[in-house]
């Protein structure tokens, strides 16, 4: 099956403010955390996000254009993965601490605060 | 001289997305980095920021309302400091990695990319 990469910034084009902006949203934080936990690429439709499909597509685009995730089309699916190693090289510890903070906050909020990503609800 | 604290979120009210949003701006990153380097409170007017006074006031307000900085009025001055210890307790390593990333990016951009904070230019 042909794979078509979607446009993304080169490593030298990634800006801290854009990365922070991309992560400064509960839905996008959730996407990044889920990708980090799975540690392999996922289809956008595999995320059960509490938003419409077009809003979801927008969130993935913001993450990709900031350099946080990489995406490619595989047939009709759009696959995503975190640019973990590149971001670590560029901004050591940043993604780890943001995702750690996200998990801390979710734990503090309790398990019923929002449905788990990937649930079939 | 009387000191009047300005409104701020309690530790339990601080949200990760709001902190990241507050830091997702070059001017606000610069304010946070400068406060971190000085490690004591500073008057807003001590920052030579490349923005108008009202924009500057807005940036400090966004940082304060997100819980990143604490501010109080002292006479006619508005003093600011980072909420370093509280943020570290809430989101360990987050502020350190963001400010480290900011310094890395500034160093890569070179010394002429923007005037130094605090310069009299």
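The values are calculated or read from the model by the stated rules, or taken from the named source; none is laboratory data. The structure displayed is predicted, hence computed values, not measured ones. Ideal geometry is used to build each Cβ from the backbone, glycine not excepted, and the neighbour counts take in all protein chains shown.
Residues of the stretch A:82-105 that are touching a residue at least 40 places away in the same chain (Cβ under 8 Å) and part of a helix (DSSP H, G or I): A:84, A:86, A:87, A:89, A:90, A:94, A:95, A:98, A:99, A:102, A:103. Annotation: of all residues in the stretch B:15-26 being assigned to a loop (DSSP other than H, G, I, E, B) and either at pLDDT below 95 or within 15 Å of the chain's Cα centre (by Cα) (or both), the one that is farthest from the other protein chains (Cβ to nearest Cβ) is B:25.
Would it be correct to say that residue A:51 is at pLDDT 95 or above and either part of a helix (DSSP H, G or I) or more than 14 Å from chain B (Cβ to nearest Cβ) (or both)? No: the conditions fail for residue A:51.
Please verify whether the stretch A:100-112 includes one or more residues that are crowded, with 21+ Cβ neighbours inside 10 Å, within 17 Å of residue A:26 (Cβ to Cβ) and away from chain B (no Cβ under 14 Å). No: zero hits.
With the condition kept exactly as written, say whether any residue in the stretch B:17-39 is over 27 Å from residue A:15 (Cα atoms) and without any contact (Cβ under 8 Å) to a residue 24 or more places away in the chain.
Restricting attention to the stretch B:17-39, the residues satisfying the condition of being over 27 Å from residue A:15 (Cα atoms) are none.
Within the stretch B:17-39, not a single residue is over 27 Å from residue A:15 (Cα atoms) and without any contact (Cβ under 8 Å) to a residue 24 or more places away in the chain.
Test residue B:67 against the stated conditions and say whether it is at pLDDT below 95, touching a helix residue (DSSP H, G or I) at 6+ places or on another chain (Cβ under 8 Å) and away from every other protein chain (no Cβ under 12 Å).
Numbers: at pLDDT below 95: no; touching a helix residue (DSSP H, G or I) at 6+ places or on another chain (Cβ under 8 Å): yes; away from every other protein chain (no Cβ under 12 Å): yes.
Answer is no for this residue.
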